[in-house]
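The values are calculated or read from the model by the stated rules, or taken from the named source; none is laboratory data. Fair warning: this is a prediction, and the values are worked out from it, not measured in the lab. Note that each Cβ is placed from the backbone with ideal geometry, even for glycine, and that neighbours are counted across all protein chains shown.
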């Protein structure tokens, strides 16, 4: 058995070496996954786990998802520092796009947002460099064009414990079109009357919670050199 494990480990290293050689830095999760990869161009790639500490009364959180060429892509999951899922965000070209959901630590839906992401017409842009103390252009610099997102669609705010719909907003390109308040169930139009609203979780969320139930996150740093 030891011989088989040793052989498997050596074969794995042989296959991983070419991929690792293309990286400037990375980390290894407790499950042996290569995460937080930075390539030779300083672009974030693949799966990433980010941690934001508590600051000035604002609670800290962790988030995990995937980067493609230094921009967030697809579904990103957010957790509080105790490991409870508190948010699911969707990104396109590095900006929020589509439905975003945020939860209390007890799993209660508290807010839904809708965004529309726009990709730059060109991946790079040219900007002028002006001389010090003058309006004379002395050079031009090529920079990466920035993606941007706007509030677009329905935003909903729910009351914790009861699950009542407190407020609905309609956004069109960052413009608030139809603000309103309500204490009715948006699906049936009936007052909840203090009865807790059960919000069904998406299959994506249920599958993720099942796989990660009771697991602790642990990572260690790795460097490949420049």
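Some notes on this structure:
- Only residues that are without any contact (Cβ under 8 Å) to a residue 40 or more places away in the chain, part of a loop (DSSP other than H, G, I, E, B) and closer than 27 Å to residue 174 by Cβ were counted in the range 90-119, giving 1.
- Test: residue 129 is more than 17 Å from residue 91 (Cα to Cα), at pLDDT below 95 and assigned to a strand (DSSP E or B): yes
- The range 163-176 - residue that is more than 13 Å from residue 112 (Cβ to Cβ) and surrounded by 13 or more Cβ atoms within 10 Å (Cβ to Cβ) and, of those, modelled with the lowest pLDDT: 172
- Filtered residue count, the range 34-71, keeping only those that are outside any strand (DSSP E or B) and surrounded by 14 or more Cβ atoms within 10 Å (Cβ to Cβ): 3
- Qualifying residue in the range 183-198 (condition: part of a strand (DSSP E or B) and at pLDDT below 65): yes
- Filter pass, residue 79 being modelled with pLDDT of 95 or more, more than 22 Å from residue 147 (Cβ to Cβ), more than 12 Å from the chain's Cα centre (by Cα) and surrounded by 19 or more Cβ atoms within 10 Å (Cβ to Cβ): no
- Unique match (being closer than 19 Å to residue 35 by Cβ and part of a strand (DSSP E or B)) among 87, 83, 74: 74
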